[in-house]
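The next block holds one structure in the form of structure tokens; read it before the comments.
None of the figures in this text is laboratory data; all of them are computed from the coordinates on show. Because the structure is predicted, anything quoted here is derived from the model rather than measured. Cβ: placed from backbone, ideal geometry, glycine included. Neighbour counts: every protein chain shown.
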Amino acid sequence: MKTIFLIADHTAATENAARQALNIARHLHLNIIVGQTQPVGIKTRELAVVDEVEAAPRPVNGMPEVLFIALQQDIGADQVKVEVMDIADYDERRLAAMINQGEIWLVVKGMANSFTADPSPGKFTVEHILNRTRVPVMFIPEQAVVCDFERLVYMADLRYCRCHILRFLTDLAKPYQAGVSVAHISAEGLMNMADEYAEQVFKEEVCRQVHYDKLYLNNIHEKDLARALDVLINGMHNDLLALINHRYHFEQILGGHIGELLPPAITIPIIIFPY
């Protein structure tokens, strides 16, 4: 069964990420694996079921109580199976192999508002995960509001739009009945696309390969990416931003890589697809 892999590094942001992971798991009927980056003296892959309140669920041995509380809140009728793995000794190669060989559909990680005084002692970084896995990674800002998705946006140059990314996003959007849009912003050095031509390319090259009745195009003529990003997040009220690792607008928005913090302008979850 498809699974969400939640990286739990014992920061405050993990709680927010856990709630978003649970929200997605419930809508798409997925399992969750909680990968703990700090040793807690537990056996790996212990199984629990987060169930209705009537079932009186109990934390998996070793799961941080605050994380379990986050997962337990707002539980509905759907069951979500939760496993816990101790990944404290995993380096980036071992972790990437585990993610790539399993049924991991999505990796989720919380991102703190500020540098932590006592960072996670894990042997891998976010950059390692992005560069070595074939699975998209969703980053949840600590201050992001966890909610049902309504609008998902993929920022790309339409001429290089990747339909497999849109198929993933539409699969994510369907249970929410959410809209998915391509925000076309010309890659650096390329001319803008006229609206009429952009619509033609979108219909002929994208819509014929990705079938979803709430798939839209926004032709953004703003060349200042900071302003364009502000419009997408605060003007159009998108709930999730999608980019490709190390391609096109990724470098300009994220400064070449994702470190311990996201840029302040990123206030909503962001999903990065492997190149």
| said: Taking the beta-carbon count within 10 Å as an exposure proxy, list Thr37, Thr3, Thr14, Thr267 from fewest neighbours to most. | reply: Thr267, Thr3, Thr37, Thr14
| With contacts defined as alpha carbon pairs under 8 Å and 6 or more residues apart, what's the relative contact order of the stretch 151-273 in percent? | 31
| query | Using alpha carbon centroids, what distance separates the stretch 155-208 and the stretch 219-275, in Å? | reply | 15
| request: Could you line up Ile185, Ile233, Ile32 from fewest to most neighbouring Cβ atoms inside 10 Å? | output: Ile233, Ile32, Ile185
| Cβ charges +1 (Lys, Arg) and -1 (Asp, Glu), total dipole of the stretch 113-239, debye | 500
| request: Specify whether the C-alpha gyration tensor of the stretch 151-273 places it in the rounded, prolate or oblate class, a ≥ b ≥ c being the square roots of the eigenvalues: rounded for a/c under 1.5, otherwise prolate if a/b is larger than b/c and oblate if not. | output: oblate
| message | How would His128, His237 line up from fewest to most surrounding beta-carbon atoms within 10 angstrom? | response | His237, His128
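Magnitude of the Cβ-charge dipole of the stretch 218-275, K/R +1 and D/E -1, about the Cα centre, nearest 20 debye? Could you put the intermediate results ahead of the total?
Numbers: 3 positive and 6 negative charges, 26 e Å.
The calculated dipole for the stretch 218-275 is roughly 120 debye.
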| message | With +1 on the Cβ of every Lys and Arg and -1 on the Cβ of every Asp and Glu, and nothing else charged, how large is the dipole of the stretch 172-275 about its Cα centre, in debye rounded to the nearest 20? | response | 260
| Roughly speaking, what is the stretch gain from Cys147 to Val231, that is 0.36 nm per residue apart minus the C-alpha to C-alpha distance, in nm to one decimal? | 28.3 nm
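In the structure shown, do any of Lys174/Lys203; Lys174/Lys223; Lys109/Lys203 have a Cα-Cα gap over 23 Å, and if so which?
Those over the limit are Lys174/Lys223; Lys109/Lys203.
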